[in-house]
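Encoded as structure tokens, the structure appears first; notes follow it.
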Amino acid sequence: MTVLEVGIFENSLLVLSKSFYPLKKAQKTLNIQKRSHIINSIQKMSKVVLKGEVEMLDNDNYRIIFQIPSPKSRSNIFLYAIDDRKSSKDIISSLLDELFHKFELRYPASFPSNIMVVDRYQQFLGTIDDVFSDECYTPSDRVRNYLF
């Protein structure tokens with residue numbers, strides 16, 4: 001029932017990510033940059049090998065949910081969320097969809113450039129907090145927020 005991390009890729013670059021909780025069972029050396037390379041590689045590989053898009057990967061501890069915007073108005077963007085496998089995939093997917101629409105409104109498509117300034121997206125972190133306001137809390141944090 002907890003989303004641990006959310007990220008947005010544009011032109012194969014991780015332009016924005018928000019970690020709500022650390023991935024406890026992940027190797028200490030698997031930082032956000034390394035995870036972003038793995039996630040991006042999986043996404044690219046799925047297009048070549050599967051001739052389509054991968055929607056989800058999971059293991060014993062975590063699940064990665066991929067969201068490719070539809071309609072494919074901006075095919076150079078995809079979003080992901082890592083959760084504890086107890087959340088509903090449909091809820092996470094709809095939240096990622098909502099996040100994409102807010103992202104698209106705030107940052108309309110621009111002409112491709114060889115230089116990407118990712119700092120301009122930092123203001124969007126608050127929107128991620130708003131969209132995932134309830135799904136990013138562990139059950140104990142939900143109780144604590146409710147009581148205090």
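The values are calculated or read from the model by the stated rules, or taken from the named source; none is laboratory data. Owing to the predicted nature of the structure, the values given are computational and were not obtained by experimental measurement. Ideal geometry is used to build each Cβ from the backbone, glycine not excepted, and the neighbour counts take in all protein chains shown.
What to note about this one:
- Given (1) within 22 Å of residue 24 (Cβ to Cβ); (2) hydrophobic (A, V, I, L, M, F, W, C); (3) over 15 Å from the mean Cα position of the chain (by Cα); (4) at pLDDT 85 or above, number of the condition residue 105 does not satisfy: (1)
- Every condition in (1) at pLDDT below 85; (2) assigned to a helix (DSSP H, G or I); (3) touching a strand residue (DSSP E or B) at 6+ places or on another chain (Cβ under 7 Å) holds for residue 97 except the one numbered (1).
- Reported count of residues in the stretch 120-148, each being acidic (Asp, Glu), in a helix (DSSP H, G or I) and surrounded by 12 or more Cβ atoms within 10 Å (Cβ to Cβ), is 2.
- Take the conditions (1) modelled with pLDDT under 80; (2) of a type in the set (A, V, I, L, M, F, W, C); (3) assigned to a strand (DSSP E or B); residue 64 misses just one of them, which is (1).
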